[in-house]
1. Is there a residue being of a type in the set (G, A, S) and modelled with pLDDT under 75 anywhere in the range 275-286?
2. Taking the residues in the range 40-74 that are charged (D, E, K, R) and within 23 Å of A117 (Cα to Cα) as candidates, determine which candidate is least open to solvent (accessible area, probe 1.4 Å).
3. Under the condition of being assigned to a helix (DSSP H, G or I) and charged (D, E, K, R), which residue from the range 118-170 is nearest to T83 (Cα to Cα)?
4. Among the residues of the range 14-39, count how many are more than 16 Å from T103 (Cβ to Cβ), among the polar types (S, T, N, Q) and open to solvent by less than 40 Å² (accessible area, probe 1.4 Å).
5. Specify which of the listed residues (I248, I253, I207, I230) is open to solvent by less than 30 Å² (accessible area, probe 1.4 Å) and of a type outside the set (D, E, K, R).
6. Residues in the range 29-40: is at least one part of a helix (DSSP H, G or I), in contact (Cβ under 8 Å) with a residue 24 or more places away in the chain and within 27 Å of I261 (Cα to Cα)?
7. Taking the range 256-267 on its own, how many of its residues are within 26 Å of the chain's Cα centre (by Cα) and either open to solvent by less than 60 Å² (accessible area, probe 1.4 Å) or of a type in the set (V, I, T) (or both)?
8. Could you tell me which numbered condition L153 fails, if it satisfies all but one of (1) more than 24 Å from P280 (Cα to Cα); (2) open to solvent by 30 Å² or more (accessible area, probe 1.4 Å); (3) touching a residue at least 60 places away in the same chain (Cβ under 8 Å)?
Amino acid sequence: MANNNSLVGGGSLMRSINYRIILVQVFVALFLCINVFLITTFFMKDFFFTTMRYILFANTLLSDCLNLIISNLLLILDYFHLTMQMWLCLSIFILSSVYNFVTPVTLTAMTLERYMAICMPLRHPELCTTRSALRCILIIHGLSSVPCIVVLLVVFASASLNFYKQYRVCSVQIFILHSWQSHLRSAISQFYFLIMCITIVFSYVKIMKVAKAASGENKTSTSKGLRTVILHAFQLLLCLIQLWCPFIESSVIQISFMLFINVRYFNYITFYLAPRCLSPLIYGLRDEKFFHALKSFVSCNVLNNGRPQAHQQ
């Protein structure tokens, strides 16, 4: 209901929404370009795709790209009120639901990798191999699929065949057929993030103890690891708040529809787009090896693009 009303809220409201839609497209295009550069850089050197933390970083980038594309697609479909058959919407829902969890679960795995690198340096090379990283990615996708499977089981048990043949505006809420289903989905999500938060706090405390005892180069390395864990915790906090957004929005719409539009836009930018845009900053631009490789990649492209022009002159 809210989505339909948002399209008929008067001229000033339409201008406001148009401006916001364009701004979202700029943000999405910008961060997709950055992520593509980082993914290309990842495949440029053997060192990156044979090191566990960079493999997990690449998994985060791919997950973020897919999430940005799907969320933006749903936003555009909703804005223009474009309908699609429910089976196609179900496919989009599965991808969105699974990859909504892949990023935070991967962040937790990256935190554990930093914990092992700093607190268990002798066992780190043995535990964090390329094979271990690939197994870890499979486990991450398996764990991320559980909330989606729970929702799908209820949908398959409750919906008739005609449901999948209908044409409707695609959204995640379509597949929440019962109020208790929404509460169950929220409870599973909260449980996941509780485990993630405990993992990050545990890693932070352990790394902090090592940081106090370390000296020289070890202290510098440990301090960097500590800052990385803090940034991961901040990312997870934003992802966690995202789970509460539907409850906040359902309360706000009872007060004012215009306030609902503003709050929903703020939530989308702050708690959906922002966490997925922090990964390039945390591991892409802060990491010295990756930053130098990225800088070298960009410099080489600029020089290669400039040479034919110089030759022609």
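The values are calculated or read from the model by the stated rules, or taken from the named source; none is laboratory data. Please read all numbers here as calculations on a predicted model, not as lab measurements. Every residue, glycine as well, gets a Cβ built from its backbone with ideal geometry; the counts of neighbours run over all protein chains shown. The accessibility values were calculated without ligands, DNA or RNA, using every heavy atom of the protein model including side chains. Shrake-Rupley method; radii C 1.70, N 1.55, O 1.52, S 1.80 Å.
1. Yes.
2. That would be R53.
3. Per the stated criteria, the residue is K165.
4. Count: 1.
5. Residue meeting the stated conditions: I207.
6. Taking the range 29-40 and keeping what is part of a helix (DSSP H, G or I), we get 29-40.
Now restrict to residues that are in contact (Cβ under 8 Å) with a residue 24 or more places away in the chain: 31-32, 34-40.
So of that shortlist, the ones also within 27 Å of I261 (Cα to Cα) come out as 31-32.
Yes, the conditions are met somewhere in the range 29-40.
7. 6
8. (3)
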